[in-house]
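A short reminder: the numbers here are calculations on the coordinates, not readings from a lab. No experiment lies behind these values; they were computed from the predicted model shown. For neighbour counting, all protein chains shown are included, and Cβ atoms are generated from backbone atoms with ideal geometry for every residue, glycine included.
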Amino acid sequence: MFEIVTNSLLYLTLSVIIGLGLVVTLFVLVRDVLLRMSGSGLILLLGLAALFVGERWMGEGTARMAFSGLGVLVLLGSIGLRGFAMGRSEGERRTAHQRGLVFSGLVVVGLALYGITLESVTGALGFGEEALSRWTVTWQCLSPIVVLLGVLPVLGVDRVLAAHPRAIPRGALRRAVENGLGSALAISLLFPVNYLANTHDKTWDLAYFRTTAVGESTKSIVGSLAEPVTVTLFYPAGNDTRKELEPYFTDLQNASGGQIDVRVVDQALEPALAEELGVRDNGTIAFTQGEIHEKFKLDTDIERAKRDLKTLDEEVRKTLIKLTRGQRTIYWMVGHGEASTKEKEDQLRKLSVFKRGILDPENLKLVEFGITNGSADKVPDDASVVVLAAPEKELLPEEIDVLKAWLDGGGKLLLLSDPGSDKLTALTDHIGVEVGDGPLAHMQAFVPIVGGKADRVNLASNKFGSHESVKLLSRNSSQMGVVMPTVRWVRKKADTKNRVSTLMRSFPDTWSDDDGDFEAGEGEEKKVFEVAVAVSGEGEDGFKAIVVGDVNLYSDVLLQRSQGNALFARDTLLWLLDDPDAAGDIESEEDVKVVHTREEDLAWFAMTVLGMPLLILGFGIILVRVRGRNR
Amino acid sequence: MNNIALIARRDFASYFNGYAMWIIFAGLLGLEGLFFAVRALGPGAAMYSNEIVAEYFYVCWGHGVAASVLLSMRAIAEERRDGTDVLLTTSTATDGQVVVGKWLAIMGVLTLFTLLSAYLPALVLVHGKVSLAHLAVGYLGVIAAVGATSAIGIFGSSLFRFQLAAGLFTAILVVALVIVWILADITEAPFSEVMAYAAIYNQHYEPFREGRLNISGLVYYASLTSVFLMLAARVLEGRRWD
């Protein structure tokens, strides 16, 4: 109620202010016409403005009647004044007013054309729907053009009258009218030209797009196929998506050494084959190995297919893994506050992308492993890997014993730690490593997240070891780094006989911020720290373990934004699974998020705000001085 | 054609006679770099590379349009104020040639300024994935847009003797064309569609930002440029009789 009243008051106030303004302006203009016998073009414009506001903004009701009525009155008043001025003028000035009157009449004709489209008129004419539409559109399009053809010459004539109060030069009046008509026609031409351009618009999307090439990882998989695979592309002849796919699958075929056979068919022309492979329509890519089929869809429409074509290699690789490796099981320990795929509170401990983006494509099933299904008893026989993701509470002694037994039997363990989580000393001692307490910190090599000193523990690193699981990262270390918000150091125990290899280290001048003040205090030595290691047990069938000082490295936030993090998570897992062939680059043409460290931020800031502008200023100064000297 | 080239060359050279234009260039580039660093590369969520490029063209549009208003306000008004417009009106060049020549000079300066900032999106190429065609389309959009606002500025400059008045008039007109899409919400068809179409940024520039080249955008900017240059020529012609 209050809102309705307020709105009405607002409208009323606005109307009063506008009305008052109109009256004052009118008074001034009318006075000017009467005293100097000048033109009434501006009054005509005011009348048109009031009419426009009334017809287009005021809706139905009293306000509309008031504004439109006022507009018509002012309009007619301007014509009356013109007539009066014409009667009181002589010679060329009288002729000018005559012209003004004629074109003012044209404005009235234009308004009349609008008037015959009003409901009160068309209702009386009794048109059918189609005829009404044609009638309304035709006259409503012509009306503004005719009004414009009247208004601009009137304004031109008035300008001549104002510029020459006594005698109008020969030809000035004719020129003014011609200019007005020419301008009106040119402005009128804007509308049909733009209308045609809009209705027959063509768009070319030139943003970044490329179909992926076959990646190293996919090449490794097809190069090591034990049995042949047939790939069937269901696309009609001449299809644009088909044209994008064919080069990729030709390369795939070449990389397979004859183990991959590619055929391209139209689903409509090969119904029997389509039925056999369970394909209902075109836009499907089917893989067959023996009796096993896997398939995925990729749209026949190139615009819709573009997004999927950018990640084609990833999809093909995932399908080949499903086809050729069979499903394996990861047992994920729960019950001690571990980071998990279902974490809701701390986003840096939510690992759902790790499951979705890394485990699923490798055909790895995730099973939660707690007290209720044997974590204090025995690791199930079908386990490929056990994951222990930074438990906040201590494990039971029985659970530690189960894991030790698992490792002693040649098992595979992914152990993720984090400052604040249980150090699992009994387990790490068995593996042959030690972990630190507080988070590592660095003065420059960090990623700004929260702002201020607290960011110094959000380390970034591109210092990789020579272990086979990080060979791709190592090769591309200049372009890829790993982000680790709060990471513990990890190092080999002096007395261990297990083989401990460094996967990743920090930058020099890193310190372990045990006192949590983000400063390198006394006793906090600055040096290089190892943050992730790979451990192999003694003998050929010895255990394998990956120990990483930061569980956050695997969080959704970082796996989605940092290619280095995603690659580290994937390739170290593949090493654990004894599947190094599947490691390697997966080609993707998807757009990437630009992540930069604070150091890079400063560099870019300095260059963009200071460096280049100063360079250009310097160039300009030299150019001006050289030109000055040459003169 | 020779007259147009002569006027364009003369005016273009006059912008670089002293240090002023280079200082303005450096200042505007620094400002553009600051906006870019904060909006596109600042602290907070990392952006995709094509989003960063789109942000760059957003910043570029704003600076380009502002620069076009500032450059064009003096185009004709200064000549009138200094009394040198007599030289133009009594020369063999027609009013249309004068207007087009001056517009070309401003476009030359603005194109140079726009291209000098090309190092900003080039930075994205270091870590991101951007196509050169996307950059080309974006620049085409910027140049088309500043072409239109320069033409509006020249029209404004032809109306007034004082640069400030001309600049103010142009700024008001340009701002009106930017925000006119709001009127689409409070008017009915067909005026609502006309208002939405008339908006100089929303419907017409956004596709260029995102690397999409569309004909209607180019036609819109070209037609706006032509009409305002024509109106400016008409104003100059009318003034011959004063």
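Using only Cα atoms, tell me the angle between helix A:129-163 and the longest principal axis of chain A; keep it within 0 to 90° and round to the nearest 10. So the inclination is approximately 70 degrees.
State whether the range A:434-498 is rounded, prolate or oblate according to the following rule on the C-alpha gyration tensor (a ≥ b ≥ c being the square roots of its eigenvalues): a/c under 1.5 gives rounded; otherwise a/b larger than b/c gives prolate, and the remaining case gives oblate. Note, shape of the range A:434-498 comes out oblate. When every Cα-Cα distance of chain A is counted in 10 angstrom steps from zero, the calculated P(r) takes the values 3, 12, 15, 13, 10, 10, 11, 12, 9, 5, 2, 0 percent.
Mean per-residue shielding of peptide B:13-20 is 2, counting Cβ atoms of other chains within 10 Å of each Cβ. Give a quick list of trypsin sites (Lys or Arg not before Pro) in the range A:505-565 that DSSP marks as loop, anything other than H, G, I, E or B, with at most 16 other Cβ atoms within 10 Å. When the trypsin sites (Lys or Arg not before Pro) of the range A:505-565 are filtered for loop state and at most 16 Cβ neighbours within 10 Å, A:Lys526 remain. What you get for the protein assembly as shown, charging only the Cβ of Lys and Arg (+1) and of Asp and Glu (-1), is a dipole of about 5940 debye around the Cα centre.
Summarising the overall dimensions of the range A:197-269 from its C-alpha atoms, the Rg and Dmax are 16.7, 59 angstrom.
Once you sort the root eigenvalues of the Cα gyration tensor of the range A:406-535 as a ≥ b ≥ c, which label holds: rounded (a/c under 1.5), prolate (a/b larger than b/c) or oblate (the other case)? Cα axes put the range A:406-535 in the oblate bin.
Hey, what did the range B:148-242 get for relative contact order, percent, Cα under 8 Å, at least 6 apart? If you can, show how the numbers build up before the last one.
On the way: 84 pairs, mean separation 33.6, N = 95.
The normalised contact order for the range B:148-242 reaches 35 percent.
Inter-chain neighbour count for B:21-30: the average number of beta-carbon atoms from partner chains within 10 Å of each residue's beta-carbon is 5. Residues in the range B:154-162 carry Karplus couplings, in order, of 5, 4, x, 5, 6, 7, 10, 7, 9 Hz; the curve used is 6.51 cos²θ - 1.76 cosθ + 1.60 with θ = phi - 60°, and Gly or Pro positions show x. Close amide H partners of A:Val433, meaning residues 5 or more places away or on another chain with modelled amide H under 5 Å apart, are A:Lys493. Computed from backbone phi with θ = phi - 60° and the Karplus coefficients 6.51, -1.76 and 1.60, the 3J(HN,Hα) list for the range A:501-507 is 10, 6, 9, 8, 10, 8, 6 Hz; x is used for glycine and proline.
All C-alpha to C-alpha distances of the range B:1-112, sorted into 10 Å bins beginning at zero, yield P(r) values of 13, 36, 25, 16, 8, 2, 0 percent in whole numbers. Mean-square fluctuation check for chain B, GNM, Cα pairs under 10 Å: which of B:Ala133, B:Ala66, B:Ala77 is largest? Highest fluctuation among the options: B:Ala133.
The range A:348-380 and the range A:89-103 have Cα centres separated by 92 Å.
In the protein assembly as shown, a dipole from Cβ-located charges (positive for Lys and Arg, negative for Asp and Glu) runs towards its positive end, and of A:Thr122, A:Gly258, A:Leu149 it is A:Leu149 whose Cα lies farthest in that direction. In order along the range B:9-20, the phi-based Karplus estimate (6.51 cos²θ - 1.76 cosθ + 1.60, θ = phi - 60°) of 3J(HN,Hα) comes to 5, 4, 5, 4, 5, 5, 5, 10, 5, x, 7, 3 Hz; Gly and Pro are listed as x.
Distance check, please: which entries in A:Lys322/A:Lys365; A:Lys322/A:Lys344; A:Lys295/B:Lys129 exceed 19 angstrom between their Cα atoms? Kindly include the intermediate steps, with their values, before the conclusion.
Values: A:Lys322/A:Lys365 12 Å; A:Lys322/A:Lys344 30 Å; A:Lys295/B:Lys129 29 Å.
In this structure, A:Lys322/A:Lys344; A:Lys295/B:Lys129 lie more than 19 Å apart at Cα.
When only the Cβ of Lys, Arg, Asp and Glu is charged (+1, +1, -1, -1), the dipole of the range A:359-457 relative to its Cα centre reaches about 400 debye. Our helix-only sum for chain A, with -39,500 (n - 2.57) per DSSP H run of n ≥ 4 divided by its residues, gives a mean residue ellipticity at 222 nm of -15500 deg cm²/dmol.
In debye, nearest 20: dipole of the range B:1-148 around its Cα centre with unit charges on the Cβ of K, R (+) and D, E (-)? Mind dumping the intermediate values first?
Details: 8 positive and 9 negative charges, 26 e Å.
In total the dipole reaches around 120 debye.
Per residue of A:611-624, count partner chain C-beta atoms within 10 Å of its C-beta, then hand back the mean as an integer.
Numbers: counts 3, 9, 13, 3, 4, 9, 9, 2, 4, 10, 4, 1, 3, 7.
The shielding value for this peptide is 6.
For B:Ser131, the residues 5 or more places off, or on other chains, whose built amide H falls under 5 Å of its own are A:Tyr208. With respect to chain A, whose longest principal axis is taken over its alpha-carbon atoms, helix A:2-36 is tilted by about 40°.
A straight line joining the Cα centroids of the range B:176-242 and the range B:50-72 runs 17 Å.
Close amide-amide hydrogen proximity is noted between A:Leu366 and A:Ile330, each under 5 Å apart and 5 or more residues distant or on a separate chain (H modeled in the peptide plane; Pro and chain starts excluded).
With the charge dipole of chain A set up from +1 on Lys and Arg Cβ and -1 on Asp and Glu Cβ about the Cα centre, the Cα lying farthest toward the positive end among the listed residues A:Leu101, A:Ala566, A:Val74 is that of A:Leu101.
Does the range A:1-136 come out rounded, prolate or oblate, given a ≥ b ≥ c as the square roots of the eigenvalues of its C-alpha gyration tensor, rounded meaning a/c under 1.5 and, failing that, prolate meaning a/b above b/c?
Working: a/c = 4.05, a/b = 1.28, b/c = 3.15.
It is oblate, given that a/c is not under 1.5 and a/b is not larger than b/c.
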